[in-house]
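We did not get these values from a lab; they are worked out from the coordinates using the rules stated. Please read all numbers here as calculations on a predicted model, not as lab measurements. With ideal geometry, Cβ positions are generated from the backbone for all residues, glycine too; neighbour counts draw on all protein chains shown.
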Amino acid sequence: MSITLDTAFELDPRVSLRTEPFGALAYHFGNRKLVFLRHPDVVAVVRDLAKYQTLADTLTAIGVHQDRWPSFVSAVESLHSSDMIRVR
Amino acid sequence: MSANTLVAQLKQGIDAPICLTWEITYACNLQCIHCLSSSGRRDPRELTTRQAKAVLDELRDLQVFYINIGGGEPMIRQDFFDILEHAEMNNIGVKFSTNGTYINAANARRLASMEYIDIQISLDGIDAATNDAVRGVGSYALARQAMDHLREANFGQFKISVVVNRHNVDQLDDFKALADSYGAQLRLTRLRPSGRGADSWNDLHPTQVQQRQIYEWLINHGDTVLTGDSFFHLNALGQALPGLNMCGAGRVVCLIDPIGDVYACPFVIHDQFKAGSVHDLGGFTHVWRNSDLFLSLRQPDSAGACTSCGNYDSCQGGCMAAKFFTGLALDDPDPECVLGHGQQLLDLATVKLIPKPTMDHSRGVRLSTPRPISVR
C-alpha cells in the first residue's frame, strides 16, 4: 500500500523500543528484525504514532517543521515495510 | 544520520548490549577441535539456576532484546528449559546454539511450542566425513537427526550454523541447498583461533585464495545468509558485505561465561579481556557500563600497523581475537588480512608467544592431535 500523510499508524505490539544516545533501537520479536532509529525526533514520532489521527497530526504535534516531513514519510515507509509499524 | 555516524556512535558504546552471548555450561558431549571455549567438563562454579534467573532479570531490566545461549552444549544443563522459560516470561528472545544431540522428538515439540526461541544447529560439513573430522565421530548424524525432529515438530525456520574452514569452503552451495530443503536459514561464521581453535587454526583456517571465494559467495548471497557480521575483514576485497562491519566487542556485544565472568566477546576467553563478573557489586550492569576494559574498547581505534594501508576504513583491521591468539598485537593487521599483511608479520616474527586461553575445560583425551604452536 502507499503511505501518505493521512495514514493512521501504530507501533506493532511485538516491537520493543529502547532509547539510546543516538535515538533508539527497535526490535521486533516476531520477525527478529533490529532497526536503528537514528534521530530522537524519529523516536518521538514512532512512539506517538497511535496517539493521533494521522501521520501528519503526529508530525504537527511533535513540532516537526513541514520542510522535514518528506524525510519522515520515507522513514515511516521503511518502518512499515519491515513491519515495525502497521496501519490501524 | 549517515551509516558511518551510527557506527561511530555504536563504537562509543551503548547503555546495554544489543545482544550478548551467554555460555551456560562448559560441559559438552562433543570435543570439537575448534571449540572457542575449550569446552568439555562442567565447571563446579557454574551459575546455579537461581543465579542464572537473576542474570536474566537484570538483562530484562536493561531491555536486552535477545541473548545467544551457548556452551558447551547448553541442553546438557538439567535446568535448560527452566532458563529458556524464564527468559521467555521476561520477553528476552533466545537464540541457542546446539550440536543437536538432545533434540529428540519430545524436546523438539517443546521447543516448537515456545515463541521467542531460535535454534542454531552446528554443522561443519555437508557430509559426515567433512563434519566429523572437526566435530567428532557421529556428530553429523546427531545434527541431522535434530534437524529432522525439528522439521517433524513444525518448529519453523531453524538455523544451520557453519564455521567456514579450509575443508568445507567448497560446500557453501551445498549447505545453502541443505538449509533450503529444511526451510531453514543458513548461518556462516568465521573460524577464530580461540580456545581449541588455536590448536587447529593452522590446519583449518581458509587459505588466501579461499578468502576471496568466501567473500564472493557472501556478496552473491547477500541478505539470504546470516553471518553474525563476522567477515568484515574481507571487505578490503571490494564492496562492503551486508552488516554494520565493525567489531562489537565490549561496545554492542559481550560474553557471560558459565561461571559468570564477563568477557568482551565469545572469542576472547582470556584474562586480558575479562571485564568483571556478574557476581561483582553492581552486577552485570556495572561491568557493562564502568569496567576499565569496556571503557577502553570504546575509545577511538588506533589503526597501528594498518595506518599506511588505504583499506583500514573498510576492514577495520580485522578481528581482535584472531590477532590476539595468533600472537599479533591488537593494532597489527588481521592474520587473515586479504592483502597478506598479517601473514607477513607472522612470517617475520622469530619468537612470538601465543597466549593461551585462561579457561580450559577440555577432557583429557582429545579426538585429534593438536599441533604444537605455542612458540613460533
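All Cα-Cα distances of the range A:10-80, cut into 5 Å bins from zero to the largest, leave 3, 17, 29, 27, 17, 6, 1 percent in each bin in turn.
Among B:L328, B:L345, B:L20, the largest mean-square fluctuation in a Gaussian network model of chain B (Cα springs under 10 Å) belongs to B:L345.
Taking the Cα centroid of the range A:42-88 and of the range B:149-196, what is the distance between the two, rounded to the nearest whole Å? Value for the Cα centre distance between the two parts: 39 Å. With a threshold of 23 Å on the Cα-Cα distance, the over-threshold entries among B:K274/B:K356; A:K33/B:K323; B:K11/B:K323; B:K274/B:K323; B:K323/B:K356 are A:K33/B:K323.
Our note on the geometry: Cα centres of the range B:61-128 and the range B:281-329, 29 Å apart. All Cα-Cα separations within the protein assembly as shown were binned at 10 Å from zero, giving a P(r) of 4, 19, 30, 28, 14, 4, 1, 0, each value a whole percent of the pairs.
When you work out D = kT/(6 pi eta Rh) for chain B at 10 °C and 1.306 mPa s, using the Kirkwood radius from C-alpha pairs as Rh and the Stokes-Einstein form, the result is 76 µm²/s.
When the Gaussian network model of chain B links Cα atoms closer than 10 Å, the mean-square fluctuations of B:D360, B:D61, B:D118 top out at B:D61. The ranking of B:S362, B:S277, B:S302 from fewest to most other beta carbons within 10 Å of each one's beta carbon is B:S302, B:S277, B:S362.
Using a simple charge model, +1 on the beta-carbon of Lys and Arg, -1 on the beta-carbon of Asp and Glu, nothing else, what dipole does the range A:10-80 show about its Cα centre, in debye to the nearest 20?
The calculated dipole for the range A:10-80 is roughly 300 debye.
The mean of 1/r over all distinct Cα pairs in the range B:90-156, once inverted, gives the Kirkwood hydrodynamic radius of 12.4 Å. B:A128 sits among other residues whose Cβ lies under 12 Å from its own Cβ, and their net charge, with Lys and Arg +1 and Asp and Glu -1, is -1.
One way to sum up the overall shape of the range B:1-144 is the equivalent ellipsoid from its Cα gyration tensor, whose semi-axes run 28, 20, 16 Å, largest first. Here is the size of the range B:140-211 from its Cα atoms: Rg then Dmax, 14.1, 42 Å. Within a Cβ distance under 12 Å of B:D331, other residues only, what is the Lys/Arg minus Asp/Glu net charge? Result for the local shell: -2.
In terms of other Cβ atoms within 10 Å, A:Y27, B:Y263, B:Y215 run from fewest to most in the order B:Y215, A:Y27, B:Y263.
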